[in-house]
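Here the structure is laid out as structure tokens; the discussion comes afterwards.
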Amino acid sequence: MRDKVKIAAVQMDPKITKNSENLERIVFETRGAAKNGADLIVFPECALSGYVFSSREEAIPFAESIPGVSTERLATCCQELGVYVVYGLLERADDKCYNAAVLVGPEGFIGKYRKIHLPFLGIDRFIDAGNEPFQVYKTSIGNIGIQICYDCNFPESTRIMALLEADIMALPTNWPQGRERIVNYVVNTRAYENRVHLVAADRVGNERGAKFLGHSKIVSASGDTLVEASGDNEETIYAEVSLAEARQKHIVIKAGEFEVDYIQDRRPELYGELTKKRS
């Protein structure tokens, strides 16, 4: 079984409404990361379209179907290079519009994720909340789960995908300034409490008055930051992770005296309050 996987997080500054230009940039950065040995390359939330739209009507022309134009282009690129890519885009499906992310690889289009938890911010103010169950995609480089930005604030999201045997969580995001605590504490906690590797690809730059904070990072299944990007620069960061580490849920601190298992030690029969909707 393969163990070592090299991950890249591409921190970039997408241009709003410039889908074609952004797609060319994604392809260019994919080629560069593949040349540097990356197996999995993750791009920010809404990397294809930009994020700070002023209305649903403005955004719709820059949404596309999945599979669609960009997935076909990236799938061809991944087939050529033998890599996997996760990137964010706006999805148009009938009369709905979702903040989505796509996984493509050497085998072509693999799957998608629709952002489930929507903050009152940017395009998320105007679009539809994700309506599909969480999924984990089994690939030759491990089991990959996807969530988007605000989703990581809800521990249930990562936990469900850990229960579905995720090894790596891909988190395309657009963190605005003021959300530094997510970078500093939340993503590392999600990795640690679920024993999954987590790659957060954030954007930088200013978009219609919103400044994004960067600090993309790759976190190990032990909760340690392996690498973190700057707060201002477009750059690609890399780290190698071990699938065996993510799959070792039973942790022995001192054999026979101190052992923990964050999956098997759960008490789901007592968690009923989690599923009750509050008014």
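For residues that are touching a Pro at 6+ places or on another chain (Cβ under 9 Å) and part of a strand (DSSP E or B), tally how many sit in region 74-91. Adding up the residues that qualify gives 4.
So is ALA129 within 14 Å of the chain's Cα centre (by Cα) and within 30 Å of ARG208 (Cα to Cα) or not?
Numbers: within 14 Å of the chain's Cα centre (by Cα): no; within 30 Å of ARG208 (Cα to Cα): yes.
No, not satisfied.
THR236 meets all of the listed conditions (1) part of a strand (DSSP E or B); (2) in contact (Cβ under 8 Å) with a residue 12 or more places away in the chain; (3) open to solvent by 30 Å² or more (accessible area, probe 1.4 Å); (4) over 20 Å from VAL85 (Cα atoms) but one, namely (4). In region 239-256, the qualifying residues are those that are loosely packed, with under 12 Cβ neighbours inside 10 Å and not basic (Lys, Arg), and the one that is farthest from LEU198 (Cα to Cα) is GLY256.
Would you please name the residue that is farthest from LEU40 (Cα to Cα), looking only at residues in region 257-274 that are open to solvent by 70 Å² or more (accessible area, probe 1.4 Å), free of Cβ contacts under 8 Å to residues at least 60 places away in the same chain and in contact with a strand residue (DSSP E or B) (Cβ under 9 Å, 6 or more places away or on another chain)? Out of the qualifying residues, it is PHE258. Within region 47-62, being surrounded by fewer than 18 Cβ atoms within 10 Å (Cβ to Cβ) and not in a loop (DSSP other than H, G, I, E, B) holds for ARG56, GLU57, GLU58, ILE60, PRO61.
Give the residues of region 47-61 that are in contact with a helix residue (DSSP H, G or I) (Cβ under 7 Å, 6 or more places away or on another chain) and under 21 Å from ALA201 (Cα atoms), sorted by residue number. Full working, then the answer.
Of the residues in region 47-61, the ones in contact with a helix residue (DSSP H, G or I) (Cβ under 7 Å, 6 or more places away or on another chain) are 47-49, 51-53, 59.
Those that are in contact with a helix residue (DSSP H, G or I) (Cβ under 7 Å, 6 or more places away or on another chain) and under 21 Å from ALA201 (Cα atoms): ALA47, LEU48, SER49, TYR51, VAL52, PHE53.
Only residues that are assigned to a helix (DSSP H, G or I), among the hydrophobic types (A, V, I, L, M, F, W, C) and within 16 Å of GLU45 (Cβ to Cβ) were counted across region 63-73, and they come to 0. When region 95-151 is filtered for residues that are open to solvent by less than 10 Å² (accessible area, probe 1.4 Å), in contact (Cβ under 8 Å) with a residue 60 or more places away in the chain and aliphatic (A, V, I, L, M), the ones remaining, listed by number, are ALA101, LEU103, ILE123, ILE141, ILE144, ILE146, ILE148.
Taking LEU171 as the residue in question, decide whether it is surrounded by fewer than 22 Cβ atoms within 10 Å (Cβ to Cβ) and either free of Cβ contacts under 8 Å to residues at least 40 places away in the same chain or closer than 18 Å to ILE182 by Cα (or both). No, not satisfied. When region 1-16 is limited to residues that are open to solvent by 40 Å² or more (accessible area, probe 1.4 Å) and part of a loop (DSSP other than H, G, I, E, B), the one that is nearest to ARG203 (Cα to Cα) turns out to be LYS15. Within region 208-216, one or more residues are open to solvent by 90 Å² or more (accessible area, probe 1.4 Å), under 26 Å from ARG179 (Cβ atoms) and assigned to a loop (DSSP other than H, G, I, E, B). Scanning region 63-94 for residues that are surrounded by fewer than 21 Cβ atoms within 10 Å (Cβ to Cβ) and touching a helix residue (DSSP H, G or I) at 6+ places or on another chain (Cβ under 7 Å) yields GLU64, ARG73, CYS77, LEU81, ARG92.
The values are calculated or read from the model by the stated rules, or taken from the named source; none is laboratory data. Predicted, not measured: the structure shown is a model, and the values here were computed from it. A quick note on method: Cβ atoms are made from the backbone with ideal geometry, for glycine too, and the neighbour counts reach across all protein chains shown. These accessible areas exclude ligands, DNA and RNA; they are computed on the full protein's heavy atoms, side chains included. Shrake-Rupley method; radii C 1.70, N 1.55, O 1.52, S 1.80 Å.
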